[in-house]
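Everything below concerns the one structure shown next.
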Amino acid sequence: MEINEKFLKPYDPANTESKIYKLWEESGFFNPDNLPGERKEVFTIMMPPPNATGVLHMGHALGGTIQDILTRYKRMQGFKTLYLPGTDHASIATQSKVEKEIQKKEGKTRHDLGRDEMLKRIDSFVEENRHTMTQQMRVLGTSCDWSREAFTLDDKRNRAVNTVFKKMYDDGLIYRGNRIVNWDPKGQTTISDDEIVYEERTSKLYTFKYSADFPISISTSRPETKVGDVAVAVHPDDVRYTEYIGKEYDLEFAGVPIHIKIIADKEVDPAFGTGALGVTPAHSMIDWEIADRHDLPRIQVINEYAKMTVGGENLLGKKVTDAREVIVSWLRENNLLEKEEDIKQNVSTAERTGGIVEPLPKLQWFINVNKEIPGQNRTFKNILRESVESKSVRIIPDFFEKTYFHWIDNLRDWCISRQIWYGHRVPVWYKGEEIYCGVEAPTDEGWKQDEDTLDTWFSSGMWTFSTLGWPEQTEDLKTYHPTSVMVHAYEILFPWTARMIMMSNYVLDVNPYHTLYLTGIVRDAKGQKFSKSLGNGIDPIDIANKFGMDAGRIALVVGTAPGTDSKVSEDKIKGYKNFANKIWNITRFVLDNVDEKNFANKIENELTLEFKKVYEDITSDMDNFRFHLASEKIYHYIWHRFADEIIEESKKIILEGDEKAEERKTALVSIWTDCLKVLHPFMPFVTEEIWSMLPIPNKNLLIVENWPK
RNA sequence: GCGCGAUUAGCUCAGUGGUAGAGCGACCCCUUGACGUGGGGUAGGCCGGGGGUUCAAUCCCCUCAUCGCGCACCA
């Protein structure tokens, strides 16, 4: 039959992909309300909103591809399918990025600009990035419903955030307390445990006495904090120190008067150092807890700028690192230093700024993870454990469950307030001693809103339902929640998954999704992680331009097992560009050799039955989230069975021109059209383009054709 | 310290209780009428070491080694 002259040239993704995406957008099929036929079963995927700090990288491309494969597969299977896109304001990450830029270009700090101006600058930065990123998502071919696009910091999401905050506040689950927090002196904000990056360094462990007349030696790697000591703790069973327990001493340490009580506490490891621990409640998490148990005072000696707040001229106002040297010299001069040894130590640094984290007591907002939730008979910690333990939330690959439980066991109260400007402002107002928590600001005069904003994960934790209009009881919320599958990188398992499970169970008493599919890290050809500092990020748009996005998509998926890191190389992508061309030429051969009537006929023979087995196997892989196998199987069938063998032997058969030839032609058409369907979720553009040129009676767009069964 | 993962062809990685696969690379051949972004063929692996379960282990169990990662500790 006559064929479109496009087939006389190799497949050209550049001129096809954007045209096809536009076709899909105009069809309205991304919106589940517009899908053809009666669709009772619902399938929902929320796009993990990428941070509005830059552009999408290959990691986003992998996640987006998996999400889109699932979406397209389910849509073809007749589900009412919603894939909802969005972006994340990523408070700390975004603000610190804009601050750095302004510092670099204008030499100004955020304080020079002021809160309003700074927020304006950030908003325009974010708007620009959001625009870029949503364009990139289109290049990726993500079939998401743009009419429902959401942003974690827009008005609707703000209302949801404030509503949850108030509910938790009223339920006594959110509290404001003076507690030791991770303080980032560089970013001038608290950060959560999950925002800390540990760097192993060698540092000195000093063993010394506070003064010559003090009976016990202690060890520390931070002598400068010792001016804030209030006690020495020993293990209750440590006979070396029994006689001193309960005694109190007034001393002068490096010119600072200190009062030390000897106490017994089981947390002290008798085998470490001298077996005696100098207790600094204000500057160590453990010591803070010891102080709780023994009712000790908490003397702060270091401020928010990591500088000393006590001592004489030699200490006061000094940076902690300088103060350390001052103290060590003082110990030496006074003959108090007994030992100095190298130890390996993990230094806590802030993920976003690199600043060395200083534990400080601060007045902050916390979520209590161990308090019973009113009316639910369980705590947040219970929710987290039960959801996964009961398999109500299934994690793929399942070995991540162990990691997840391990993390829960170590979970502490979640500090949710941040001393930065960009984000959801804490919905609490103060007037003198009065405090008001509400969704809206109080209307009467004299109230001042809390200066802090919320941890970005507070709003992203609500993503599965805030996107659907909650707290309004919308039709969308009823229809699409709980969602079906969440796909995201294992790197954010803790900060995000845990928070989504908490929030959804707390607010709606259901899990946010039934399956969590974790992706690994996409690395460059050398195996290095893509990072902004290395500058080795690949813009997926470059891939699309060079090889076509279809090639990029399937290259990311084939052989990439869930939860496993993978590498992308141009060679691999190039291989699949060739595959796209192969498909193109197979189509050309088929169209060249069959007649239009072959498209109207149905047939079942050995070949179609053989292929039926193949796609049934692939369907099973799809249902079990084995996209890395499904994609490889259809690739292999098309190239090495259909093209290399079936087409080759068909040449002879068709030349004969008899009944067998007719049967063969119909079989070729039948199998090939089904191949295009099965391949569509992986390589949507080229398959849709080919579909548009086939003389199939009553056809629709391939995106809404039925998956073979 | 606790935990997780990896160890399979030169490279990058899949995979399965029955003596192994893909992509790229290498070598040889093919100007065949879908495609040279192609076709046909060849070489190449005691599936990290040791032990166990089994009729049978690369796959299950134990153990060791190396690499990567997470968490904790960080006096």
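Among the residues of segment A:258-266, is there at least one that is out of contact with any Cys (no Cβ under 7 Å at 6 or more places or on another chain), near RNA strand B (Cβ under 10 Å from one of its atoms), in a strand (DSSP E or B) and open to solvent by 60 Å² or more (accessible area, probe 1.4 Å)?
no
Looking at segment A:222-256, which of the residues that are in a strand (DSSP E or B) and more than 15 Å from RNA strand B (Cβ to nearest atom) is surrounded by the most Cβ atoms within 10 Å (Cβ to Cβ)?
In this case the residue turns out to be A:F253.
Considering segment A:653-691 alone, what residues qualify as being in a loop (DSSP other than H, G, I, E, B) and touching a helix residue (DSSP H, G or I) at 6+ places or on another chain (Cβ under 8 Å)?
The initial filter retains those residues of segment A:653-691 that are in a loop (DSSP other than H, G, I, E, B), namely A:657-658, A:680-683.
Residues satisfying the conditions are A:H680, A:P681, A:F682, A:M683.
Suppose we filter A:E606, A:E570 for residues that are within 30 Å of A:M137 (Cβ to Cβ), surrounded by fewer than 22 Cβ atoms within 10 Å (Cβ to Cβ) and more than 8 Å from RNA strand B (Cβ to nearest atom); which single one remains? Break it down stepwise before answering.
Working: A:E606 fails: within 30 Å of A:M137 (Cβ to Cβ).
On inspection, the qualifying residue turns out to be A:E570.
Is there a residue in segment A:677-693 that is within 23 Å of A:E606 (Cβ to Cβ), open to solvent by less than 10 Å² (accessible area, probe 1.4 Å) and under 40 Å from the mean Cα position of the chain (by Cα)? Walk me through how you get there before you give the answer.
So in segment A:677-693, the residues within 23 Å of A:E606 (Cβ to Cβ) come out as A:677-679.
Subsequent filtering for residues that are open to solvent by less than 10 Å² (accessible area, probe 1.4 Å) retains A:678-679.
Next cut, under 40 Å from the mean Cα position of the chain (by Cα) only: A:678-679.
For segment A:677-693, residues within 23 Å of A:E606 (Cβ to Cβ), open to solvent by less than 10 Å² (accessible area, probe 1.4 Å) and under 40 Å from the mean Cα position of the chain (by Cα): present.
Within segment A:303-353, can you find the residues that are away from RNA strand B (no atom under 13 Å from the Cβ), at pLDDT 90 or above, under 44 Å from the mean Cα position of the chain (by Cα) and of a type in the set (K, R)?
Listed by number, the residues that qualify are A:K307, A:K318, A:K319.
Of the residues A:W457, A:W429, only one is assigned to a helix (DSSP H, G or I) and at pLDDT 90 or above; which?
Values: A:W429 fails: assigned to a helix (DSSP H, G or I).
So the residue among A:W457, A:W429 that is assigned to a helix (DSSP H, G or I) and at pLDDT 90 or above is A:W457.
Pull up segment A:379-393, narrow it to residues that are more than 16 Å from RNA strand B (Cβ to nearest atom) and open to solvent by 40 Å² or more (accessible area, probe 1.4 Å), then point me to the one that is nearest to A:V428 (Cα to Cα).
Just the residues of segment A:379-393 that are more than 16 Å from RNA strand B (Cβ to nearest atom), to begin with: A:379-380, A:382-383, A:386-387, A:390-393.
Then drop every residue that is not open to solvent by 40 Å² or more (accessible area, probe 1.4 Å), which leaves A:382, A:386, A:390-392.
Working: A:N382: 28, A:E386: 32, A:S390: 37, A:K391: 37, A:S392: 35 Å.
This residue is A:N382.
Any idea which residue in segment A:334-369 is nearest to A:Y198 (Cα to Cα), counting only those that are open to solvent by 70 Å² or more (accessible area, probe 1.4 Å) and not charged (D, E, K, R)?
Taking segment A:334-369 first, the residues open to solvent by 70 Å² or more (accessible area, probe 1.4 Å) are A:334-335, A:338-340, A:342, A:344, A:346, A:351-352, A:356, A:363.
Now restrict to residues that are not charged (D, E, K, R): A:334-335, A:346, A:356, A:363.
Values: A:N334: 35, A:N335: 34, A:N346: 6, A:I356: 10, A:L363: 25 Å.
It comes out as A:N346.
Take the residues in segment A:1-23 that are touching a helix residue (DSSP H, G or I) at 6+ places or on another chain (Cβ under 6 Å) and away from RNA strand B (no atom under 16 Å from the Cβ); name whichever of them is farthest from A:T142 (Cα to Cα).
A:I20
Please state which one of A:A291, A:A271 is farther than 18 Å from A:S203 by Cα and away from RNA strand B (no atom under 13 Å from the Cβ). Give the derivation first.
Values: A:A271 fails: away from RNA strand B (no atom under 13 Å from the Cβ).
None of the other options fit; the residue is A:A291.
Tally time: how many residues in segment A:525-557 are within 11 Å of RNA strand B (Cβ to nearest atom), open to solvent by 10 Å² or more (accessible area, probe 1.4 Å) and modelled with pLDDT of 80 or more?
Within segment A:525-557, residues that are within 11 Å of RNA strand B (Cβ to nearest atom), open to solvent by 10 Å² or more (accessible area, probe 1.4 Å) and modelled with pLDDT of 80 or more number 1.
Quick one: in segment A:628-663, of everything that is within 14 Å of A:L609 (Cα to Cα) and without any contact (Cβ under 8 Å) to a residue 40 or more places away in the chain, which residue is farthest from RNA strand B (Cβ to nearest atom)?
Filtering segment A:628-663 for residues that are within 14 Å of A:L609 (Cα to Cα) and without any contact (Cβ under 8 Å) to a residue 40 or more places away in the chain, the one farthest from RNA strand B (Cβ to nearest atom) comes out as A:Y637.
Here is a yes/no grid of residues against (1) free of Cβ contacts under 8 Å to residues at least 60 places away in the same chain; (2) of a type in the set (F, W, Y); (3) farther than 24 Å from A:K339 by Cα:
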| residue | (1), (2), (3) |
| --- | --- |
| A:K247 | yes, no, yes |
| A:L251 | yes, no, no |
| A:G255 | no, no, no |
| A:H259 | yes, no, no |
| A:D265 | yes, no, yes |
| A:H283 | no, no, no |
| A:W288 | no, yes, yes |
| A:A291 | no, no, yes |
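Checking A:L277 against (1) part of a loop (DSSP other than H, G, I, E, B); (2) among the aliphatic types (A, V, I, L, M); (3) touching a strand residue (DSSP E or B) at 6+ places or on another chain (Cβ under 7 Å), which test does it fail?
Only one criterion in (1) part of a loop (DSSP other than H, G, I, E, B); (2) among the aliphatic types (A, V, I, L, M); (3) touching a strand residue (DSSP E or B) at 6+ places or on another chain (Cβ under 7 Å) is unmet by A:L277, namely (1).
Going by the structure shown, is A:Q364 within 30 Å of A:R425 (Cβ to Cβ) and either assigned to a loop (DSSP other than H, G, I, E, B) or at pLDDT 95 or above (or both)?
Values: within 30 Å of A:R425 (Cβ to Cβ): yes; either assigned to a loop (DSSP other than H, G, I, E, B) or at pLDDT 95 or above (or both): no.
Answer is no for this residue.
Restricting attention to segment A:432-451, and to residues there that are charged (D, E, K, R) and assigned to a loop (DSSP other than H, G, I, E, B), which single residue is nearest to A:N51 (Cα to Cα)? Give the steps one after another, and end with the answer.
Looking only at segment A:432-451, we keep the residues that are charged (D, E, K, R), and these are A:433-434, A:440, A:444-445, A:448, A:450-451.
When the remaining residues are screened for being assigned to a loop (DSSP other than H, G, I, E, B), the result is A:433, A:440, A:444-445, A:450-451.
Details: A:E433: 38, A:E440: 27, A:D444: 37, A:E445: 37, A:D450: 25, A:E451: 23 Å.
Only one residue tops the list, namely A:E451.
If you go through segment A:377-397 one residue at a time, how many are farther than 10 Å from A:M502 by Cα and not in a helix (DSSP H, G or I)?
10
Among the residues that make up segment A:408-428, is at least one of them within 16 Å of RNA strand B (Cβ to nearest atom), surrounded by fewer than 21 Cβ atoms within 10 Å (Cβ to Cβ) and more than 29 Å from A:F151 (Cα to Cα)?
Here is the first cut: in segment A:408-428, the ones within 16 Å of RNA strand B (Cβ to nearest atom) are A:408-415.
Pick out the ones that are also surrounded by fewer than 21 Cβ atoms within 10 Å (Cβ to Cβ) and you get A:408-413.
Applying the additional criterion that residues be more than 29 Å from A:F151 (Cα to Cα) yields A:409-410.
Yes; the residues of segment A:408-428 include at least one that is within 16 Å of RNA strand B (Cβ to nearest atom), surrounded by fewer than 21 Cβ atoms within 10 Å (Cβ to Cβ) and more than 29 Å from A:F151 (Cα to Cα).
State which residue is most open to solvent (accessible area, probe 1.4 Å) when the search covers only segment A:288-333 and only residues that are assigned to a strand (DSSP E or B) and more than 19 Å from A:F208 (Cβ to Cβ).
Going through segment A:288-333, the residues assigned to a strand (DSSP E or B) turn out to be A:302, A:307-308, A:319.
Next, only the ones that are more than 19 Å from A:F208 (Cβ to Cβ) stay: A:302, A:307, A:319.
Numbers: A:I302: 0, A:K307: 78, A:K319: 115 Å².
Among those that are assigned to a strand (DSSP E or B) and more than 19 Å from A:F208 (Cβ to Cβ), it is A:K319.
Would you check which residues across segment A:652-680 are within 20 Å of A:K597 (Cβ to Cβ) and charged (D, E, K, R) and list them?
Within segment A:652-680, A:E656, A:D658, A:E659, A:K660, A:E662, A:E663, A:R664, A:K665, A:D674 meet the criteria.
With (1) under 18 Å from the mean Cα position of the chain (by Cα); (2) open to solvent by less than 30 Å² (accessible area, probe 1.4 Å) as the list, and A:G78 as the residue in question, which single condition is left unmet?
(1)
Within segment A:25-42, how many residues turn out to be open to solvent by less than 30 Å² (accessible area, probe 1.4 Å) and either touching a Leu at 6+ places or on another chain (Cβ under 7 Å) or modelled with pLDDT under 95 (or both)?
The number of residues fulfilling the criteria is 2.
Only one of A:K97, A:K108 is more than 30 Å from A:R523 (Cβ to Cβ) and either assigned to a loop (DSSP other than H, G, I, E, B) or open to solvent by 10 Å² or more (accessible area, probe 1.4 Å) (or both). Can you tell me which? Spell out the reasoning first.
Details: A:K97 fails: more than 30 Å from A:R523 (Cβ to Cβ).
Only one candidate qualifies: A:K108.
The values are calculated or read from the model by the stated rules, or taken from the named source; none is laboratory data. What you see is a predicted model; the values in this text were computed from it and never measured. All Cβ positions, even for glycine, are placed from backbone atoms using ideal geometry, and neighbour counts span all protein chains on display. With ligands, DNA and RNA removed, areas are computed over all heavy atoms of the protein, side chains included. Shrake-Rupley method; radii C 1.70, N 1.55, O 1.52, S 1.80 Å.
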